[in-house]
1. Going by amide H atoms built from the backbone, whose H comes under 5 Å of the H on Asn14, apart from near neighbours?
2. Accessible surface of Lys120 in the full protein assembly, 1.4 angstrom probe, to the nearest 10 Å²?
3. Pairs to check: Lys45/Lys95; Lys16/Lys141; Lys115/Lys141; Lys39/Lys134; Lys16/Lys95. Give those whose C-alpha atoms are more than 27 Å from each other in this structure.
4. Collect residues whose amide H, placed 1.01 Å from N in the peptide plane, falls under 5 Å from the amide H of Leu60; neighbours closer than 5 in sequence don't count.
5. Carbon and sulfur atoms: what percent of the 1.4 Å accessible area of the chain do they account for?
6. Can you classify the chain as rounded, prolate or oblate using the Cα gyration tensor, where a ≥ b ≥ c are the square roots of its eigenvalues, rounded means a/c under 1.5, and otherwise it's prolate if a/b beats b/c and oblate if not?
7. For region 53-119, state which chymotrypsin sites (Phe, Trp or Tyr not before Pro) are in a DSSP loop and have at most 13 other beta carbons lying within 10 Å of their beta carbon.
8. Ignoring GluC sites (Glu not before Pro) that are buried or in helix or strand per DSSP, and keeping those with at most 16 other beta carbon atoms within 10 Å, what is the longest stretch of the chain between them?
Amino acid sequence: MAKKNQEDRVIASNRKARHDFEILDTFEAGMVLTGTEVKSLREGKASLVDGFCQFYRDELYIENVYIPEYLNGSWTNHAARRRRKLLLHRQELIKIERKISEAGLTVVPLSLYFKSGRAKVEIGVARGKREFDKRQTLREKQDNREALRAMRERNRGNA
């Protein structure tokens with residue numbers, strides 16, 4: 001049972017994407033990987049920071065995601081930033097393609113994880129935030145934290 005918990009774990013998350021973009025919709029996609037890529041991911045090494053998704057010939061690919069070379073790999077090792085195909089149902093692909101045809105929308109990777117032993121990536125259809133929107137979001141989070149802190153202090157005083 002402990003092995004299953006180890007299998008279902010997040011490898012990398014893209015916190016910068018959640019800060020820079022307003023996420024409108026999310027999807028879970030499988031990835032076409034080579035053996036050395038899977039071994040490198042199992043070591044917990046990956047970065048989604050510069051990653052993005054693009055359509056090529058009606059298929060969605062994730063690009064610029066950094067999965068380092070496997071140290072014990074031989075000549076069969078992979079390129080660290082190669083284009084990787086995403087596995088989605090046709091209806092999901094059509095839905096994503098329709099959404100990003102609107103101006104200002106893009107597809108960004110949000111997190112990379114193992115689910116039942118398979119590497120999955122959570123992608124999101126997103127709209128870029130302006131600097132004002134980012135500041136407003138940070139201000140709202142800070143206000144919520146202060147309100148929770150004040151309520152916690154008040155409840156401690158009553159007890």
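1. It is Ser111, by chain and number.
2. 50 Å²
3. Cα-Cα > 27 Å for Lys45/Lys95; Lys115/Lys141; Lys39/Lys134; rest within.
4. Those qualifying (amide H under 5 Å, at least 5 residues apart or on another chain) are Leu86.
5. Numbers: 5040 of 10590 Å².
So the carbon and sulfur contribution to the accessible surface is 48 percent.
6. Details: a/c = 2.31, a/b = 1.42, b/c = 1.62.
Oblate shape, in that a/c is at least 1.5 and b/c is the bigger or equal ratio.
7. Working: sites: Phe55, Tyr56, Tyr61, Tyr66, Tyr70, Trp75, Tyr113, Phe114; in loops: Tyr70, Trp75.
Here the sparse-neighbourhood loop sites are Trp75.
8. Details: sites that count: Glu43, Glu69, Glu102.
Of all site-free stretches, the longest is 103-159.
The values are calculated or read from the model by the stated rules, or taken from the named source; none is laboratory data. Being a predicted model, the structure only gives us computed values, none of them experimental. Counting neighbours? That spans all protein chains shown, and the Cβs are built from the backbone with ideal geometry, glycine included. Protein only, heavy atoms only, side chains kept; ligands, DNA and RNA dropped before computing areas. Shrake-Rupley method; radii C 1.70, N 1.55, O 1.52, S 1.80 Å.
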